[in-house]
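A short reminder: the numbers here are calculations on the coordinates, not readings from a lab. From a predicted model like this one, the values you see are computed outputs, not experimental measurements. Methodologically, a virtual Cβ is constructed for each residue, glycine included, from the backbone with ideal geometry; neighbour enumeration extends over all protein chains shown.
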Amino acid sequence: MFPTGLVASGIKLIELYGGFTAGGAAQVIEAVDGRVPVGVGSFTLEATAPLPARQAESIQRLNPPTLKDTSEYGFAQAVIAPNSGRTVYLSGQFSGNTAGQVLGATMAEQIRIAFGNLKHAIDASGARPEHVVKILVLVADHQQEHVALIAAEIKRLFGTHIPASTLIPVPRLALDGMRFEIDATLVIPN
């Protein structure tokens with residue numbers, strides 16, 4: 001049978017022994033020189049031309065008309081992240097100092113400090129706030145008035161680059177006196 005081919009991202013996949021299979025002999029191959037064929041199981045990968053530089057895909061934030069526009073609360077109903085990026089998972093940040101002591105006597109203070117710590121974690125990962133695609137907020141003894149405090153900090157940190165968000169009221173958090181925690185998932189486009 002004459003080989004057939006598939007071109008994707010500057011690499012030509014030549015079928016040698018039959019149909020293409022999903023999940024068969026698959027591996028990630030990084031082309032060092034765009035002209036050297038590399039064998040993979042029953043397939044041969046061969047560059048058709050030097051690989052072009054990828055353009056950075058953008059993160060899309062959506063509040064579709066069929067759902068409530070949640071922008072005023074500082075989050076989007078859906079966020080579409082590019083598949084050509086690095087994913088970063090940040091642990092829950094709270095209003096703690098470097099010794100792990102809980103700071104802030106009021107909910108507003110704890111929220112403000114926790115968002116500051118979230119920004120430090122974002123910076124340490126090499127990302128920027130606009131790379132955050134999802135946040136998870138845990139609030140002990142949650143009250144409706146906390147929503148406005150949280151929304152204000154979300155808007156201050158993310159501006160118009162609002163992430164998807166979930167707020168979960170909980171009876172207690174990890175440390176005595178800890179009332180607020182936020183974690184985040186980021187995608188840094190290539």
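Applied to the stretch 121-131, the Karplus parametrisation 6.51 cos²θ - 1.76 cosθ + 1.60 on θ = phi - 60° returns per-residue 3J(HN,Hα) values of 5, 4, 4, 5, 7, x, 9, 10, x, 5, 7 Hz, with x for Gly and Pro.
Proximity of backbone amide H atoms, modeled 1.01 Å from N, is registered between Leu167 and Val137 at under 5 Å, excluding neighbours fewer than 5 places apart on the same chain.
Here the calculated FRET efficiency for Ala148 and Asn190, from their Cβ-Cβ distance with R0 = 25 Å, stands at 0.10, rounded to the nearest 0.05. From the square roots a ≥ b ≥ c of the eigenvalues of the alpha-carbon gyration tensor of the stretch 60-189, which class results: rounded (a/c under 1.5), prolate (a/b over b/c), or oblate? Because a/c hits 1.5 or more and a/b fails to exceed b/c, the stretch 60-189 counts as oblate.
Rounded if a/c is under 1.5, else prolate if a/b beats b/c, else oblate: with a ≥ b ≥ c from the C-alpha gyration tensor eigenvalues square-rooted, which is the stretch 86-132? Working shown, then result.
Numbers: a/c = 2.89, a/b = 1.99, b/c = 1.45.
Cα axes put the stretch 86-132 in the prolate bin.
Per-residue 3J(HN,Hα) values for the stretch 156-167, derived from phi via the Karplus relation 6.51 cos²θ - 1.76 cosθ + 1.60 with θ = phi - 60°, read 5, 7, 9, x, 8, 8, 6, x, 6, 8, 9, 10 Hz in sequence order (x marks Gly and Pro). Between Gln60 and Glu109, full extension at 0.36 nm per residue minus the direct alpha carbon distance yields a gain of 14.5 nm. Taking a sphere under 14 Å around the Cβ of Leu90 and counting the other residues whose Cβ falls inside, with K and R at +1 and D and E at -1, yields a net charge of +1.
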